[in-house]
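Take a look at the structure set out below.
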Amino acid sequence: MSTVETKHVFRLEDYLGPGIKKITDLQDKLDGKLKAFGPSATSGYGRATAAAEKFRLKNMEAINQVSNQIPQIGNVLGLLTNPYALATVATLALGAAYVKSLGMAKDWEKGMAKINLTAQETGPELNKLSDKVLNVAIRNKVPLAEVPEAFEKIISAGLDTKLAFESLEPTLKAAKAGFTDVATTADAGVSLMKSGNLQDITDSYDLLFATMVEGKAQFKDIATYLPKLAPVALNYGLALDEVAGSYAYFTAQGQTAEKAANLLENVFKVLGDPEKAEAFKNIGVSFFDSAGKMRPLLDISKELETSLQGLTDQAKSEKLATLGLDSQASAGFAGLAQNITGLEKALNATEAAAGNLDKAVINTKESGDGWAITMNILQAGMIKFGQTGLPIFEAIGNKVAELLHWTIDLWNENIILRDIFSVIGTIAGIAFDVVFSSVSRVWNIVKGLVDALGWVADKVGLSGDGFTKIYETVRPYLVWMSEMFLKIYNIAYKLFTLDLKGAVQDVMNFELPDINVIKNEQNKEINGTDPSPTSNTPSPTKTLPPTPKQTPVSQVAGDGSGQGAGGTSGNNIQINFNDALVKNYFASAAGLNIAEFERTMKEIVARILRDAQAAV
């Protein structure tokens, strides 16, 4: 068997040529239209053209190599040096950018409106605040769209506008450094600041990050649980850094963020219970100093550790059981006394928490931070660009509102207008009634006729052709009613569509359909002849025999004598074939052989005889 090798060579021109040609043709048309503006239109693009030409010359070799494969590419590269094409692209891009900027400006304005629900600034002051917030946003890595939400969280916590604004940038930094959403971060920072009577929200974030560094919990978990623990502990006289340090300690000991919070919550409740304080005093642990002030948590834990020192685990459990603690509180105090060194380290770290936010920001720098800030700068520029269109947008909205109010007032105050619409509504209602009632009546009439015909046919035993003849008798009257109601429907439709002139003309020219014309048309369809009184078609003649007897097809003579081939007497029936009948039957017999034609003609004659005898 021979082997045939086929080699196919494909060129880029075969694939890209047609598409590029469409682009260049479109560019040529655009070029011709733009040139109508004259040479002055090109003056603003001199430097752009020169730069594009310089690029083309510098890369001529590469361009030529591509052009060898795709000749049309040269025309496409010409777009780079065409000032009209550059102008068109620039205009389209500017329009799309403006629409996008308008939407961004509207979203920013909506965010600032939510802020002003609490800030309650006047229009000019709110605009100044908006600009200040934008300036803060472009210096940080948090997405620009989240900044208004962060500010709204801060100011809605009860801070005045000045303090809320001062708290915004530290919140954005903390959210980014803690890889947490700005809403959670803002809630935690404001809560700790207010519960701990801190003057700066930065102190809150320093404490949160110090807790994260000393413990083993995520910033989001600490931001969630620490603000819930702080109010309880502070109410019993503990310091905020003690709450943070003890939480860091428990998470460092292997407790989950939620479990550590649960243990400390039960410990703090015991510290605030006078009966429990007396029970602890009986084993040598004092919650309060001589002045009745809560002692530091580290001192209380050291005394408890001393009280339990040297005891077996069972003895420690029995001794703690005498204090009347539940299982969670007992586990909490036992945990505090378990590792005094670790507890002291964590408490010292949170006490010296200042600067942890800045350290976290430095330690969490990423390679894409520059791009994040760049995007914020670009988006802020687009917002400012879009803000130029907001007054126009508002003016258009005001004008539309004025038009709607004017229309409503006109309706309320102008009785003529209301009457006109009332008349229109009345006419429309009448038209609907006419149309639907007419359709309903026609349907009922047709249904009644069909039912009646079915009943008659069933009673007289008619079927097949007999029922068809009855329907052919009734059909002209059905057509007559259909045409009549169609005329009525057309009048009603013109009334409904307020074509009053057309409706009046139809009423003036209204005539009932001619039943005789309809009958003649139907007979033409059935017989293929014109059954008018002037027709020269002879009527069939019949000679009735004394005794009716159907003649078999095989006994019918071609001369109409009625005498069969075998001499059997039959009915003497004379049949006259008109031209239309002969033409139709012979046309249907075209293409038949002699035997098939003979059989067909016998069937035709038999059918004619049956119809004629049925009519006797």
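The values are calculated or read from the model by the stated rules, or taken from the named source; none is laboratory data. Note that the structure is predicted; figures quoted are calculated from it, not measured. Positions of Cβ are backbone-derived with ideal geometry, glycine not excepted, and every protein chain shown enters the neighbour counts. To get the accessible areas, we keep the full protein, side chains included, count just its heavy atoms, and leave off ligands, DNA and RNA. Shrake-Rupley method; radii C 1.70, N 1.55, O 1.52, S 1.80 Å.
At-a-glance table
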| read-out | value |
| --- | --- |
| Among the residues listed as 184, 211, the single one being at pLDDT 90 or above and among the hydroxyl-bearing types (Ser, Thr, Tyr) | 211 |
| Restricting segment 488-518 to residues that are open to solvent by 70 Å² or more (accessible area, probe 1.4 Å), at pLDDT 80 or above and closer than 18 Å to residue 477 by Cα, the residue that is farthest from the chain's Cα centre (by Cα) | 516 |
| Complete set of residues in segment 101-159 that are of a type in the set (Asp, Glu) and more than 29 Å from residue 195 (Cα to Cα) | 107, 109, 125, 131 |
| Count of segment 184-237 residues which are of a type outside the set (D, E, K, R), in contact with a Lys or Arg (Cβ under 8 Å, 6 or more places away or on another chain) and in a helix (DSSP H, G or I) | 6 |
| Test result for residue 319, more than 25 Å from residue 212 (Cα to Cα) and of a type in the set (D, E, K, R) | yes |
| Hey, residue 245 small (Gly, Ala, Ser), touching a residue at least 12 places away in the same chain (Cβ under 8 Å) and in contact with a strand residue (DSSP E or B) (Cβ under 9 Å, 6 or more places away or on another chain) or not | no |
| Members of segment 269-287 that are over 15 Å from residue 324 (Cα atoms) and touching a Phe, Trp or Tyr at 6+ places or on another chain (Cβ under 9 Å) | 286, 287 |
| Long-range neighbours under 8 Å by Cβ, at least six apart or interchain, first residue in contact (Cβ under 8 Å) with a residue 24 or more places away in the chain and within 12 Å of residue 334 (Cβ to Cβ) within segment 305-320, second of a type in the set (Val, Ile, Thr) and surrounded by 13 or more Cβ atoms within 10 Å (Cβ to Cβ) | 305/340; 307/283; 307/285; 319/283 |
| Sole residue being touching a Phe, Trp or Tyr at 6+ places or on another chain (Cβ under 7 Å) and under 17 Å from residue 182 (Cα atoms), chosen from 115, 154 | 115 |
| Helices (runs of 4 or more DSSP H) enclosed by segment 328-401 - at least 1 residues per element that are open to solvent by 80 Å² or more (accessible area, probe 1.4 Å) and hydrophobic (A, V, I, L, M, F, W, C) | 356-363, 369-387 |
| Residues of segment 306-326 that turn out to be in a helix (DSSP H, G or I), under 16 Å from residue 279 (Cβ atoms) and open to solvent by 50 Å² or more (accessible area, probe 1.4 Å), as a count | 5 |
